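Peer 1: One structure, pasted below without further comment.
Every number here is computed from the coordinates shown, using simple stated rules; none is lab data. Values in this document were obtained by computation on a predicted structure and should not be read as measured data. Note: ideal-geometry Cβ built from the backbone for every residue, glycine included; neighbour counts use all protein chains shown.
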Amino acid sequence: MSRLKPRPTKIKVDRQSSDNIYSKDGAKLFGTTGEMFYQLSWTTLPGLRGLSCSDFRATLTSAPDQVRGVAVVCASEAESAALIAELESHFGPQRFLNTAAAFDGVKDYIAQRAAQ
């Protein structure tokens, strides 16, 4: 019987500044200098043309989970509400083949937005 090895994560902690967390491609995901962390969640619904993402929500959290979820940093409630509206308008017309593609699409969009 073979032993399973733990899956490598796509997140690394910057050793020089441990308050910043970066994705494997170098995009800054979030920092801990007075910023508020929000865990994003949404509903994936089936449709005739594929799966759609809607009903995005941002929940304030003290321990963001970037491995199994999508976390984002916002300076205020207004900024998080603007992000939710942006996600709704961006992902509203899009359709996905499966839930993994939908999750990766949202996660990539947030990572690209954080890199800007």
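Peer 1: List the number of the failed condition for GLY92; all other conditions in (1) of a type outside the set (A, V, I, L, M, F, W, C); (2) touching a residue at least 24 places away in the same chain (Cβ under 8 Å); (3) in contact with a Leu (Cβ under 9 Å, 6 or more places away or on another chain) hold.
Peer 2: (3)
Peer 1: Starting from the stretch 66-79, keep only residues that are touching a residue at least 40 places away in the same chain (Cβ under 8 Å) and closer than 16 Å to GLU35 by Cα, then list their pairs with residues that are of a type outside the set (D, E, K, R) and in a loop (DSSP other than H, G, I, E, B) whose Cβ atoms are within a distance under 7 Å, requiring at least 6 positions of separation or different chains.
Peer 2: Listed pairs, sorted by first residue: ALA71/PRO64.
Peer 1: Would you check which residues across the stretch 30-74 are hydrophobic (A, V, I, L, M, F, W, C), within 16 Å of the chain's Cα centre (by Cα) and exposed (fewer than 13 other Cβ atoms within 10 Å of the Cβ) and list them?
Peer 2: Initial filter on the stretch 30-74 (hydrophobic (A, V, I, L, M, F, W, C)): 30, 36-37, 40, 42, 45, 48, 51, 53, 56, 58, 60, 63, 67, 70-74.
Right, trim to within 16 Å of the chain's Cα centre (by Cα) and you get 30, 36-37, 40, 42, 53, 56, 58, 60, 63, 67, 70-74.
Across the stretch 30-74, the qualifying residues are LEU60, ALA63, VAL67.
Peer 1: Now for a different question. What are the pairs with Cβ atoms under 6 angstrom where one residue, in the stretch 99-116, is within 15 Å of TRP42 (Cα to Cα) and the other, located anywhere, is in a helix (DSSP H, G or I) and of a type in the set (S, T, N, Q)? Sequence gap at least six, or different chains.
Peer 2: Filtered contacts from the stretch 99-116: no entries.
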